[in-house]
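One structure is given here, and the rest of the page talks about it.
Bear in mind that the values in this text are calculations on the coordinates, not laboratory data. All figures in this text were calculated on a predicted structure; none of them were measured in a lab. Methodologically, a virtual Cβ is constructed for each residue, glycine included, from the backbone with ideal geometry; neighbour enumeration extends over all protein chains shown.
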Amino acid sequence: MAITASPHEVVFCEHGDAQSPVVSVVVPLFNYEKHINATLDSIHRQNLESIELLIVNDASTDSSEAVALSWLSAHEGRFINSRLIRHQPNAGLSCARNTGAVLAASDLIFFVDADNLIYPRCVATHVEALAQSQAAFAYSILEMFENERGIMGAATFSRNRFKKGNYIDAMALIKREHLKLMGGYKVIREGWEDYDLWLRLEEAGHFGIHIPEILGRYRVHGASMLRTNTNTDEGQYKLIKQFNKTFPWLELPDK
């Protein structure tokens, strides 16, 4: 299956090297002018040099694009390639990730949302873990910070664990071939598009390799995906009903 890119234009493009990048890092961006610099700084500090950076601005209405453009201009030469892509109109998180995946030059794609952070060893460790397994993707433990403290993604990939709900964030390194097999991320207005992708991969006989190390930080705040889309009883019920119907082996509580 093909992955579809939404209508877009390239706002910034730098080709720093003729070689192909080991990893393409895709950052979907929507109205995170306050956080995007810190996220990009954390990508800049990766100890893996061979990185392509793709920022997909999903028609932000704040100064996110200007902030990202200024950052890219100030850090020219750090990445194999770097691009700032603009959606018009807003297409949603799934579409922003899919656009990044279509435009990526590497067969390995690492997704990190524009309000989260990664530690310097993050990308390289994911690449190493995936290279040593037959997995479709690799993910690590994440530290939750800001409005909530704790960890997420601490368990290994398991069909039984998925029955009760999602426990793996979208901050993961995915093989392009497997993402393509799934047709990319589905557009689910209420959210849970990462959960949907993991379930579809599992049903197709694929799996994710767990890295038992904290390699990223998940920011919990009022606008984070952990706190939006499913924050009403009606929205939660609609999602649960939809997922239980699509994946009959799930055991999500519908009351």
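For the pair the range 233-255 / the range 4-55, the C-alpha centres are spaced 34 Å from each other. Remark: spin-label model distance Arg45-Gln132 equals 2.5 nm, labels positioned 7 Å along the Cα→Cβ axis.
Beta bridges assigned by DSSP with both partners in the range 97-255 are antiparallel in approximately 50 percent of cases. The mean sequence separation of alpha-carbon pairs under 8 Å and at least six residues apart, normalised by the residue count of the chain, gives a relative contact order of 22 percent.
Note on Met1 and Ser63: the model spin-label points, each 7 Å out from Cα along the C-beta direction, lie 4.1 nm apart.
Using a Cα distance threshold of under 20 Å, what count of lysine pairs results for the chain when pairs must be 8 or more residues apart or interchain? Pairs that pass both the separation and distance tests number 16. Estimated at 0.36 nm per residue, the fully extended path between Tyr237 and Arg189 surpasses their Cα-Cα distance by 15.9 nm.
Extension gain Arg161-Ala74, at 0.36 nm per residue separation less the Cα-Cα distance, in nm? Spell out each step's value before the answer.
On the way: separation 87, 0.36 × 87 = 31.32 nm, distance 4.37 nm.
Roughly 26.9 nm would be gained on extension.
Helix content alone sets the calculated 222 nm mean residue ellipticity of the chain: runs of n ≥ 4 DSSP H residues at -39500 (n - 2.57) each, divided across all residues, give -8500 deg cm²/dmol. For the range 8-246, the spread of Cα coordinates along the three principal axes comes to 46, 41, 33 Å, biggest extent given first.
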